[in-house]
Amino acid sequence: MTPSPISFVTPYGPDAPSTRIRVHEWISRMGLDVRPTDYLGYASARPSLLARHPLAVLQAERRLRRLAGSRSRLLFLQRQASPFGNGRLESRLLRSAEFSVYDFDDALMWDRGEGSLVRRLAPPAPRARAAVKTADRVIAGNRILGQWAATLNDDVVVIPSCVDLDDYEPKVNFDLSDPPTLGWIGSASSISSLRSFTGALLEIHRRTGARLRVLGPSPVSLGPLDTMANQSLWSPRAQRALLRTFDVGIMPLPADADSSGKCGYKLLQYCAAGVPSVATAIGVNQEILEAVGMPTPVTEGEWMEAVLELLSLPGESRSKMGAYARVVADAEYSFAAWRSTWERTVLGPLGQTP
């Protein structure tokens, strides 16, 4: 049987940010005629979602095992193939191809399944470890993830989660809104990071009257932050329209292992839109913040003071910060900047061309 050219395996459908950015965007930009094999096609694999679709779960597991029994010239696996198991399926898939690539962009190796019973029974860490050990090549979303992967695999390439400046309408008015707008963009899985800075955000609101604009999943309760928050459902159109209205983009993170593995995509989106930002300087955020000349707070108190400082600056100063961040995002974190590296890393081993 003639091997199929390329197989892409993803845990989620194209609406999931990680899958969209690290797989579907590249497939489109490289002009590849391939449709990824995803699990259920949804933006997540929450236990409650899996429980509502038992037949679809069974079909997904069978589909993945059939793929593992075939022979691709190149197999690209993002994050994990299945939310179940200890990594054997991921290893089988990666071994089934002439050449295999594993891509991850979160601290999966430290995720021991805190939370629901399903997550405790099948944590992501063993699957990530098995995939990194088995793949012929590993793509890590940042340097910290890459350093860990290099302890298990000799062929590791760091490629960030990239942005395209054409997807963002640049901010042009840097006069503060009345009241000021603190903006946050993210997925349901990262809402907890926003909630963890409730005290700091409420104090900023008390001092300045600032409102919080949340662009993300279906509106959820933010607890005490609901008194200062307006929530909007994410879509490409909403992203383009609303990011440029943020006076300060925010990315607060708790100081834990999971945060250190983040790839800073929220922060890069603010930079692409030319929005002055305050992010917790942990993991790759530290590198991005230093590159674009933004504040580098570590503690919650420092983070709050950095936000207050940005709000107190004249519009001209914030304008210069935003413009420079946009230049750096284009030069160092864009799809165009990383295109040749991705092509060489993923398609190069088998002499594939788009």
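The values are calculated or read from the model by the stated rules, or taken from the named source; none is laboratory data. Quick caveat, the model's predicted, so the values are computed rather than measured. Using ideal geometry, Cβ is built from the backbone for each residue, glycine included, and neighbour counts are taken over all protein chains shown. Keep in mind that these areas ignore ligands, DNA and RNA; they rest on the heavy atoms of the full protein, side chains included. Shrake-Rupley method; radii C 1.70, N 1.55, O 1.52, S 1.80 Å.
In this structure the amide hydrogen of Val158, modeled in the peptide plane, comes within under 5 Å of the amide hydrogens of Ala140, none closer than 5 places in sequence on its chain.
Given R0 = 35 Å, the distance between the Cβ atoms of Ser235 and Glu98 translates into a calculated FRET efficiency of 0.35. Per-residue extension of 0.36 nm, minus the Cα-Cα distance of Arg35 and Ser48, leaves a gain of 2.0 nm for this segment.
Once divided by 2.2 N^0.38 Å, the Cα radius of gyration of the chain becomes 1.01.
Pop out the carbon and sulfur fraction of the accessible area of the chain as a percent, whole number, probe 1.4 Å. Please list the in-between numbers first.
Details: 7790 of 15130 Å².
Its accessible area is 51 percent carbon and sulfur atoms.
Taken along its three principal axes, the alpha carbon spread of the range 40-96 comes to 34, 20, 19 Å, from the longest extent down to the shortest.
So what are the range 86-241's ellipsoid semi-axes, whole angstrom, largest first, if each one is the square root of 5 times an eigenvalue of the alpha-carbon gyration tensor? Let's see the in-between values first.
Details: eigenvalues 291, 81, 37 Å².
The equivalent ellipsoid of the range 86-241 has semi-axes of 38, 20, 14 Å.
Backbone phi angles across the range 282-295, fed through the Karplus curve with coefficients 6.51, -1.76 and 1.60 (θ = phi - 60°), yield HN-Hα couplings of 10, x, 5, 4, 4, 5, 5, 4, 5, 5, 9, x, 9, x Hz in residue order; Gly and Pro are listed as x.
Excluding same-chain neighbours fewer than eight residues apart, the lysines reachable from Lys266 by a Cα-Cα span under 18 Å are Lys171. Taken as Cα centroids, the range 226-277 and the range 1-46 sit 24 Å apart, rounded to the nearest whole angstrom.
With R₀ set to 30 Å, the beta-carbon distance separating Ser340 from Glu290 gives a calculated FRET efficiency near 0.75. Per residue, the chain exposes 43 Å² of solvent-accessible protein surface, assessed with a 1.4 angstrom probe and all protein chains in place. Applying 1/(1 + (r/R0)^6) with R0 = 56 Å to the Cβ-Cβ distance of Leu58 and Thr245 gives a FRET efficiency near 0.80. Here the simple spin-label model places points 7 Å from the Cα toward Cβ, and for Asp164 and Thr198 these points are separated by 3.9 nm.
Note the full-extension length gain between Ser28 and Glu114 as 0.36 nm times their separation in residues minus their Cα-Cα distance, in nm to one decimal. Working shown, then result.
Numbers: separation 86, 0.36 × 86 = 30.96 nm, distance 3.50 nm.
My answer for the length gained is 27.5 nm.
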